[in-house]
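The values are calculated or read from the model by the stated rules, or taken from the named source; none is laboratory data. Since the structure is predicted, the reported quantities are computational estimates derived from the model, not experimental observations. Here the Cβ positions follow ideal geometry from the backbone for every residue, glycine too, while neighbour counts run over all protein chains shown. For accessibility, only protein heavy atoms count, side chains too; no ligands or nucleic acids. Shrake-Rupley method; radii C 1.70, N 1.55, O 1.52, S 1.80 Å.
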Amino acid sequence: MENETEMDKIRAFIGLGSNLGDGPSIVQDAWRMLGEVAGVDLLALSSPYKSAPVEMSSQHWFTNGVGKIETLLPPPALLQELFRIEAAFGRKRKSGSFGYQDRPLDLDILYYGEIILDEPELILPHPRIRERLFVLSPLAELDPDFRDPVSGETAAAMEAELKRKIAEKVMKNQEIIRGKWGES
Ligand SMILES: Nc1nc2c(c(=O)[nH]1)N=C(CO)CN2
């Protein structure tokens, strides 16, 4: 009968991040705590990646990682478990404040099988994966051939594409155009 339950397990990717406290140990402890949840099996955790905060202004660098799990929990139940683990590490979701806040722990469902979902509580795949190297690099490390269910692109291809875009943006800001003296 073991095979029957095995068949209902869904492969999911979880994003882990921390920019307050001892990031690497918080992320590892959170990963272990996720492994204690009934209906969740841990498959692999990426290396830790350090990066400057993006889309927010903060002095505190992030430690990020991506974890691969198998789970029997449907997405809303998995999300509740992630919120519970965030809260255990002191994460407070501040209402009435704009933008992203520093946080001891952030857990996101990046992918849940091939599921595509657009609900107020949960969007799958996570909507900002393609803009975030701190997600794509660990994802591509774990599973370079994993295909995004929306675009069909592999993790390795999405990572390469974002690196190219970032390089292009940096080059734009560095453009050196030859002119003539006396011109503005
Ligand atoms: N480097 C980095 N920057 C961020 C991160 C993060 O995990 N890593 N998370 C954010 C909001 O979720 C906003 N900015």
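Take the stretch 44-82 and flag every residue that is out of contact with any strand residue (DSSP E or B) (no Cβ under 8 Å at 6 or more places or on another chain), within 14 Å of the ligand (Cβ to nearest atom) and open to solvent by 60 Å² or more (accessible area, probe 1.4 Å).
Correct list: VAL54, GLU55, SER57, GLN59, HIS60.
For ASP118, are the conditions met, namely being at pLDDT 95 or above and within 13 Å of the ligand (Cβ to nearest atom)?
Criteria not met by ASP118.
Name the residue that is nearest to the chain's Cα centre (by Cα), counting only residues in the stretch 91-115 that are in contact (Cβ under 8 Å) with a residue 40 or more places away in the chain and away from the ligand (no atom under 15 Å from the Cβ).
Filtering the stretch 91-115 for residues that are in contact (Cβ under 8 Å) with a residue 40 or more places away in the chain and away from the ligand (no atom under 15 Å from the Cβ), the one nearest to the chain's Cα centre (by Cα) comes out as TYR111.
Taking the stretch 126-159 as the search range and keeping residues that are part of a loop (DSSP other than H, G, I, E, B) and within 15 Å of the ligand (Cβ to nearest atom), which one is surrounded by the fewest Cβ atoms within 10 Å (Cβ to Cβ)?
Step one: filter the stretch 126-159 for residues part of a loop (DSSP other than H, G, I, E, B), giving 126-128, 132, 143-146, 148-153.
Then drop every residue that is not within 15 Å of the ligand (Cβ to nearest atom), which leaves 126-128, 132.
On the way: HIS126: 18, PRO127: 9, ARG128: 14, ARG132: 19.
Looking at the filtered set, the residue picked out is PRO127.
Collect the residues in the stretch 52-65 that are touching a residue at least 24 places away in the same chain (Cβ under 8 Å) and over 15 Å from GLY21 (Cα atoms), keeping them in residue-number order.
VAL54, GLU55, MET56, GLY65
It is to be established whether one or more residues within the stretch 32-43 are at pLDDT 95 or above, buried (at least 18 other Cβ atoms within 10 Å of the Cβ) and under 14 Å from PRO138 (Cα atoms).
Looking for residues that are at pLDDT 95 or above, buried (at least 18 other Cβ atoms within 10 Å of the Cβ) and under 14 Å from PRO138 (Cα atoms), one finds none in the stretch 32-43, hence no.
Could you grab me the full set of residues in the stretch 83-115 that are charged (D, E, K, R), part of a loop (DSSP other than H, G, I, E, B) and at pLDDT 95 or above?
Passing the criteria: only GLU114.
Do we have GLN174 as more than 14 Å from the chain's Cα centre (by Cα) and loosely packed, with under 13 Cβ neighbours inside 10 Å here?
Against the criterion (more than 14 Å from the chain's Cα centre (by Cα) and loosely packed, with under 13 Cβ neighbours inside 10 Å), GLN174 qualifies.
Can you work out which of the residues in the stretch 15-29 that are open to solvent by less than 60 Å² (accessible area, probe 1.4 Å) and within 13 Å of the ligand (Cβ to nearest atom) is nearest to TYR112 (Cα to Cα)?
Among those residues, the one meeting the criterion is GLY15.
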